[in-house]
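Please read the structure below before turning to the comments.
The values are calculated or read from the model by the stated rules, or taken from the named source; none is laboratory data. Every value quoted in this text rests on a predicted model; they were computed, and no experiment measured them. Note that each Cβ is placed from the backbone with ideal geometry, even for glycine, and that neighbours are counted across all protein chains shown.
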Amino acid sequence: MKHFENIIIGFGKAGKTLAGSLAQHGHEVLLIEKDEQMYGGTCINVACLPTKNMIINAQRGVKYDQAIGIKNQLTTKLRNKNYHKVADLDAATVLNADAEFLDDQTIQVTDDSGKEQLTADRIFINTGATPIIPAIEGIHASKHVFASREMLDQHQLNQKLVILGSGPIGLEFASMYAQFGSQVHVLSSGAGILPQNEPEVAQMALADMQADGIDFTFGAKLVKVADVDQGVALTYLKDGTKQTIIADALLVATGRRANIDDLHLDRTTIQLGDRGEILVDDQLKTNVANIWALGDVNGGPQFTYVSLDDFRIVNNQLLGDQTRTLANRPIYPRTTFLHPALSSIGLTEKQAQTQGLNYQVVTMATAGVPKANVIGNPRGMYKAVIDHDTKEILGMTIYAEEAYETINLIALAMQQHVPATVLRDQIYSHPTMTEALNDVFASL
């Protein structure tokens, strides 16, 4: 039985970065990844980067099949780069194999050469998340049903696409495929989209997506999936009545859960939460000594930049001053890449009101920003919730071109307690979307 100083299961953002850091400091690391097409993790291979590359090319008018080729070139390059960033380190070994727990201390790996049992001083689980496929009649038997990863492997554009789910993934794919030319229909069990955002912004985004030709059916429950000559027949309940639509493909975007099925954690005493996530403390330690869980698998926010901060917390414990925990994680934004993008951070007006805070609200239409008109997409709005006394930003929503860039300046201001009046009076380059902050905060 081989013994290692550190074993990391999963080549995701947190795991690969931790492997590199430990190896660079002379600590022995074995990094296990079962899928060689996932070196670097979900983000660079099947999520953040390829989808944003596709979104950008859709907006540029690139044809779908060409965009798929560009995307594949990008992910191949990034995957190779990420592999060598770890594999080329003297103290690191990358093993392409399946990994499962036999007990709290023993891992069994399986590859083409057979099975082998391993132990380690420290074990880090970084296996990410996997799509939730709801239990619907015929959904597993259909040849026209895809999750996001498989959808991005389709080289031919589906002319009629139905998307099940109106969360961020579903909305991004809806916007992207509509821009490529697909006829998109979103089925949602909810009453609307983006329920965690400012309601007037969410309503504006919905109206814009509908104006782009995307159909929405809310309060719908998909009950049957059946392949037919024309593609796939989708039967759903709406207000007690069954309706059927025919599509070329169904994209299932109903959320993601911790990817633990193949780990056989039932053989261990590692505690799980109600959603199957691995429970961790503020230092990302599990209840079992010397086992950590990083990234989506621990049930935290499913963002690659949050996984990177998970790395920082663990790395700080092992190699730093041991001050970093979940409790002092910096504030961070969220972005849904629509057309334009929608970014938010902190409190909404309703949340501030519920907390009884003394606040004021400032808003501005994106149409008033010169750069938005230069780009040719003046849709959207800015809304900020400001502390009435200190003028610090309590929360902000930006629905505008390049919102994903401007929101990072807002995050920094909130983290460092910089009042909005400082951003109001700052001199920005012109024409840029960031200079909108001069006008957004002008009334303070």
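Values as computed for the structure displayed
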{"item": "Per-region count, the range 179-200, residues under 24 Å from A67 (Cα atoms) and in contact with a Leu (Cβ under 9 Å, 6 or more places away or on another chain)", "result": "7"}
{"item": "Tally of residues being in contact with a strand residue (DSSP E or B) (Cβ under 8 Å, 6 or more places away or on another chain), farther than 23 Å from G40 by Cα and either of a type outside the set (V, I, T) or not assigned by TED's automatic domain parsing to the domain that holds G15 (or both) across the range 96-117", "result": "6"}
{"item": "Test result for D266, under 30 Å from G346 (Cβ atoms) and not small (G, A, S)", "result": "no"}
{"item": "Scope the range 210-228; condition hydrophobic (A, V, I, L, M, F, W, C), loosely packed, with under 15 Cβ neighbours inside 10 Å and either touching a residue at least 60 places away in the same chain (Cβ under 8 Å) or under 14 Å from V252 (Cα atoms) (or both); matching residues", "result": "V223"}
{"item": "Residue among D212, D229 that is acidic (D, E), touching a His at 6+ places or on another chain (Cβ under 9 Å) and not assigned by TED's automatic domain parsing to the domain that holds G395", "result": "D212"}
{"item": "Selected residue [of a type in the set (D, E, K, R), at negative phi, surrounded by fewer than 22 Cβ atoms within 10 Å (Cβ to Cβ) and assigned to a helix (DSSP H, G or I)] from K52, K16", "result": "K52"}
{"item": "Any hit, the range 171-187, residues being touching a residue at least 24 places away in the same chain (Cβ under 8 Å), of a type in the set (S, T, N, Q), farther than 28 Å from K242 by Cβ and in contact with an Asp or Glu (Cβ under 9 Å, 6 or more places away or on another chain)", "result": "yes"}
{"item": "The range 19-49, subset polar (S, T, N, Q) and over 16 Å from the mean Cα position of the chain (by Cα), residue surrounded by the most Cβ atoms within 10 Å (Cβ to Cβ)", "result": "S21"}
{"item": "Cβ-Cβ under 9 Å pairs, at least 6 apart or on other chains, the range 324-346 side aromatic (F, W, Y), far side part of a loop (DSSP other than H, G, I, E, B)", "result": "Y332/P301; Y332/F303"}
{"item": "Residue among I139, I68 that alone is crowded, with 16+ Cβ neighbours inside 10 Å, β-branched (V, I, T) and assigned to a loop (DSSP other than H, G, I, E, B)", "result": "I139"}
{"item": "Count of the range 184-207 residues which are β-branched (V, I, T), outside any strand (DSSP E or B) and either touching a helix residue (DSSP H, G or I) at 6+ places or on another chain (Cβ under 8 Å) or assigned by TED's automatic domain parsing to the domain that holds Q66 (or both)", "result": "1"}
{"item": "Residue that is on the phi > 0 side of the Ramachandran plot and either among the hydroxyl-bearing types (S, T, Y) or assigned by TED's automatic domain parsing to the domain that holds D227 (or both), where the choices are G181, G167", "result": "G181"}
{"item": "Residue that is nearest to Q154 (Cα to Cα) [pool: residues in the range 229-251 that are of a type in the set (V, I, T) and in contact (Cβ under 8 Å) with a residue 40 or more places away in the chain]", "result": "V232"}
{"item": "Qualifying residue in the range 217-228 (condition: assigned to a strand (DSSP E or B), more than 21 Å from D153 (Cβ to Cβ) and aromatic (F, W, Y))", "result": "no"}
{"item": "Leading residue by the ranking (farthest from D425 (Cα to Cα)) among those in the range 366-392 that are without any contact (Cβ under 8 Å) to a residue 24 or more places away in the chain and surrounded by fewer than 16 Cβ atoms within 10 Å (Cβ to Cβ)", "result": "G376"}
{"item": "Among the candidates E28, E36, residue that is outside the structural domain of L338 (by TED's automatic domain parsing), within 18 Å of I291 (Cβ to Cβ) and among the acidic types (D, E)", "result": "E28"}
